[in-house]
Amino acid sequence: MTDTFKTFESFDGQRLAWREMGEGRPVVLIHGYFSDAQTNWIKYGTAEKLVAAGFRVIMPDLRAHGDSARPHDPAAYPSDALAQDAEALIAHLGLTDYDLGGYSLGARTTVRVLARGIAPKPRRVVLSGLGDEGVTDTGRRTGFFRSVLTGFGSFVRGDREFMSQAFLKTTGGDPEALLGILDTFVDTPPEAVAMLDVPVLIVAGAEDDEVGSFIGLAEMLPDARFVEVPGNHMSAVTRPELGDAIVTFLTA
């Protein structure tokens, strides 16, 4: 099944890309850091499962990722830039009745869209690969990612940065542009998370210990359920169980 590739102009004029598959109820899915729509949602079959269930799957490439603009100017990375990009895409497509979700950084971006309250509120929300610390303490892992990006190419097997470096090589990422993304992060305090009154699925790998507690995040939210799938933070997104859980939640 092929996807349609399109671009739009975001809030600050940056040209960003998105991919679409299927027809039906819109669901916007945002990929994780160092990844892209193709790798996160299409390659391992999640998008195809949603299409089969009757969804129009809309998958942006975040700025500095995939086929979207990769500016090196620090001015292109203001606070909450990724949430503003998502809001711009939702407005560009005229979405009002839709579902929204993401993986890791994409899930955090989803939380920021909800907390900002600018875009129309989605019917249901999927937060995959995101725990409580990934929402409330976004700076906790920025040092690690800064190390990966500034030392890109120098890490060898056994270094803690090696797997992230290897993944970035497979996606063809631009280390300088991706450094700018770190400056866009905004914490969402627990009291703001508690105000997000939409049904939420939290789905994550059983061995994922990189983004805090998934149950802790579920307990912050007024209407959330947690589903565990096999894998760790990097491998859970490749598992068919992830797509199955998302489809089950969105079609219930």
The condition from (1) within 16 Å of residue 101 (Cβ to Cβ); (2) surrounded by fewer than 20 Cβ atoms within 10 Å (Cβ to Cβ); (3) not hydrophobic (A, V, I, L, M, F, W, C) that residue 35 misses is numbered (2)
Identify, from the list 70, 63, the residue that is surrounded by fewer than 19 Cβ atoms within 10 Å (Cβ to Cβ), at pLDDT 95 or above, part of a loop (DSSP other than H, G, I, E, B) and basic (Lys, Arg). 70
Number of the condition not met by residue 50 [criteria: (1) buried (at least 24 other Cβ atoms within 10 Å of the Cβ); (2) under 16 Å from the mean Cα position of the chain (by Cα); (3) outside any loop (DSSP other than H, G, I, E, B)]: (2)
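Could you please let me know if residue 162 is of a type outside the set (Lys, Arg), at pLDDT 95 or above and more than 30 Å from residue 249 (Cα to Cα)?
On the way: of a type outside the set (Lys, Arg): yes; at pLDDT 95 or above: yes; more than 30 Å from residue 249 (Cα to Cα): yes.
So residue 162 passes the test.
Yes/no per residue for (1) touching a Gly at 6+ places or on another chain (Cβ under 8 Å); (2) crowded, with 19+ Cβ neighbours inside 10 Å:
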residue	(1), (2)
78	no, no
82	no, yes
88	no, yes
104	yes, yes
112	no, yes
139	no, no
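Among the residues of the range 91-114, which ones are part of a helix (DSSP H, G or I) and either among the charged types (D, E, K, R) or without any contact (Cβ under 8 Å) to a residue 40 or more places away in the chain (or both)?
Step one: of the range 91-114, the residues part of a helix (DSSP H, G or I) are 91-93, 105-114.
Passing the criteria: 91, 108, 112, 113.
This table checks each residue for (1) free of Cβ contacts under 8 Å to residues at least 12 places away in the same chain; (2) touching a Gly at 6+ places or on another chain (Cβ under 9 Å); (3) under 21 Å from residue 100 (Cα atoms).
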| site | (1), (2), (3) |
| --- | --- |
| 117 | yes, no, yes |
| 125 | no, yes, yes |
| 142 | no, no, no |
| 145 | no, no, no |
| 175 | no, yes, no |
Going through 188, 170 one at a time, which residue ends up being of a type in the set (S, T, N, Q) and under 23 Å from residue 202 (Cα atoms)? 188
Here the residues within the range 95-142 that are aliphatic (A, V, I, L, M) and under 24 Å from residue 238 (Cα atoms) are 100, 105, 107, 111, 125, 126, 127, 130, 135
Taking the range 143-157 on its own, how many of its residues are surrounded by fewer than 17 Cβ atoms within 10 Å (Cβ to Cβ), of a type outside the set (Val, Ile, Thr) and in contact with a Phe, Trp or Tyr (Cβ under 8 Å, 6 or more places away or on another chain)? 0
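From the list 173, 212, 231, exactly one residue is part of a loop (DSSP other than H, G, I, E, B), of a type in the set (Gly, Ala, Ser) and touching a His at 6+ places or on another chain (Cβ under 9 Å). Which is it? Talk me through it step by step, then tell me what you get.
Working: 212 fails: touching a His at 6+ places or on another chain (Cβ under 9 Å); 231 fails: touching a His at 6+ places or on another chain (Cβ under 9 Å).
Selected residue: 173, the only one of 173, 212, 231 that is part of a loop (DSSP other than H, G, I, E, B), of a type in the set (Gly, Ala, Ser) and touching a His at 6+ places or on another chain (Cβ under 9 Å).
The values are calculated or read from the model by the stated rules, or taken from the named source; none is laboratory data. From a predicted model like this one, the values you see are computed outputs, not experimental measurements. Heads up, the Cβs are rebuilt from the backbone with ideal geometry, glycines too, and the neighbour counts pull from every protein chain shown.
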